[in-house]
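Read through the structure below, which is laid out as structure tokens, and then see the notes.
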Amino acid sequence: MKMAFRGTNVPHHVLYPHMNTILHWFTTDLRLHDMPSLHAAKDANALLPVYVIDPQSDIDTIHGFPRIGPIRKAFILETVYALKEHLQTLGSDLLIVEGSPEIIIPKLVSIYAVDRIHVELPFASEEIKRIADVESKITIPIHRFESRTMFREQDLPFALDQLPDIFTEFRKMIEKACGYAIQSCDDSPLPPLPIASKDITVQCMGQHEEHIVQADPRAAFRAIGGEIEGLKRLHYYVADTHAISTYKETRNGMIGDRYSSKFSPWLALGALSARKIIESINAYELQYNANESTYWMKFELLWREFFQWTLKKHGDAFFRAEGIRGKKQDVKHDPQLIEHWRLGNTPDTFVNANMKELLHTGYMSNRGRQNVASYFVHNLQQDWRIGAAWFESQLIDYDVASNWGNWMYVAGVGNDPRQDRVFNTKKQADMYDPDGEYQDLWLHDHMAKNEH
């Protein structure tokens, strides 16, 4: 996609000298519900919603595979275009442009005489630096909004530097202080969102359809990008099927669309907010009574919350070999072993089945993720960061904090209080795939696609 400006060459601030224009820079907050940044723009005369596709995301990693693989990329674009369509129904629009944000955003600021920028508050260093690079090239303020977590930092019952490094301690402190009685989502109608692009059009060269990837018929479910689809999934799992009432009993399943909530793809891109999910669970409990499963869903969301704040506390340590523990490890680097693991060609059939599901669908069960990560780190003795990078490339529900936090945990350099937690994949297969149905699905299906 290229950015092309068409129309008048007269600067926007000359045409409209009294305009108060806000540029909302969408990143991983691709929704309109529970969006404090949009409600904070209610007094603006014009809103300029923008999504920037950074060409850096197409560059291969040092490990030889794409930073963002085709299935994950297709889901991101599907979500972005769904947001564009949603905004259009409100008389607004979304400008989707390709280029480096530090070039694109300042140019838009100049053309549209933007007064301030709204953006989601990032926790990871790369995203923090990206916003800082833009900020260094403009003279207007950038306002950062907390919209990714259940709690705001000021609502935590401790200062961030006092955040426990053990989840159980974190959970007990949260549950004692406030439980899951979060601040309600602001779902009042959004103010009118008049688009700031009537005089100048930003045109996207290339369409989303070019990036559509055909779904594998064996996939556990078909995740369709976009806020509306995310809200549909939430309603289906909580209200329509009441599947949430048996979540704890079914969450370790491996086949089908109801063994777990599968909120994660929409949650990862911000098409569904964590607070919206908690609010829905709380409402369900009021109507139908709480049980162990409804609590366990909130418990798992709290794990996600824990990793978000742990990332903010520890920063770049999340991405170092020794992790947040500073623990040195002896690891090997065998490209052939890594390749066999990536493509599901190891001697372990349970690992292979899970890796092929990931390769062909961009998804894998939580049970599968723990097993393949343990196998990579402890059996193959490879650098955990390579495994984390492969998950980043492939997963449609990739979340920087959850992904890297969980890989650190498995590798023994993160938040796990136990040392050398190793999964026995044979025993795990016997427990969770006793009849071999899951392995047969992914290893012996004659309709399987050719390997990458």
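At a glance:
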item: Complete set of residues in the stretch 114-146 that are within 21 Å of His39 (Cα to Cα), part of a loop (DSSP other than H, G, I, E, B) and either in contact (Cβ under 8 Å) with a residue 60 or more places away in the chain or in contact with a Phe, Trp or Tyr (Cβ under 9 Å, 6 or more places away or on another chain) (or both); result: Val114, Asp115, Leu121, Pro122, Glu146
item: Residue in the stretch 150-171 that is under 19 Å from the mean Cα position of the chain (by Cα) and buried (at least 16 other Cβ atoms within 10 Å of the Cβ) present; result: yes
item: Positions within the stretch 52-68 being in a loop (DSSP other than H, G, I, E, B) and among the acidic types (Asp, Glu), in sequence order; result: Asp54
item: Selection count, the stretch 410-452, where residues are out of contact with any helix residue (DSSP H, G or I) (no Cβ under 7 Å at 6 or more places or on another chain) and modelled with pLDDT of 90 or more; result: 12
item: Residues located in the stretch 87-106, provided they are under 17 Å from Ala46 (Cα atoms) and either at pLDDT 95 or above or in a strand (DSSP E or B) (or both); result: Leu95, Ile105
item: Any helices (runs of 4 or more DSSP H) falling wholly within the stretch 228-311 and containing at least 2 residues that are touching a His at 6+ places or on another chain (Cβ under 9 Å); result: 274-288
item: Residue in the stretch 327-339 that is in a helix (DSSP H, G or I) and crowded, with 16+ Cβ neighbours inside 10 Å present; result: yes
item: Verdict on Ser374 being touching a Phe, Trp or Tyr at 6+ places or on another chain (Cβ under 8 Å), in a helix (DSSP H, G or I), without any contact (Cβ under 8 Å) to a residue 60 or more places away in the chain and of a type in the set (Ser, Thr, Tyr); result: yes
item: Some residue of the stretch 391-400 being surrounded by 24 or more Cβ atoms within 10 Å (Cβ to Cβ), of a type in the set (Phe, Trp, Tyr), touching a residue at least 12 places away in the same chain (Cβ under 8 Å) and not in a loop (DSSP other than H, G, I, E, B); result: no
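The values are calculated or read from the model by the stated rules, or taken from the named source; none is laboratory data. Everything numeric in this text was worked out from a predicted model, so none of it was measured. Don't worry about glycine lacking a Cβ; one is built from the backbone with ideal geometry, like all the others, and counts go over all protein chains shown.
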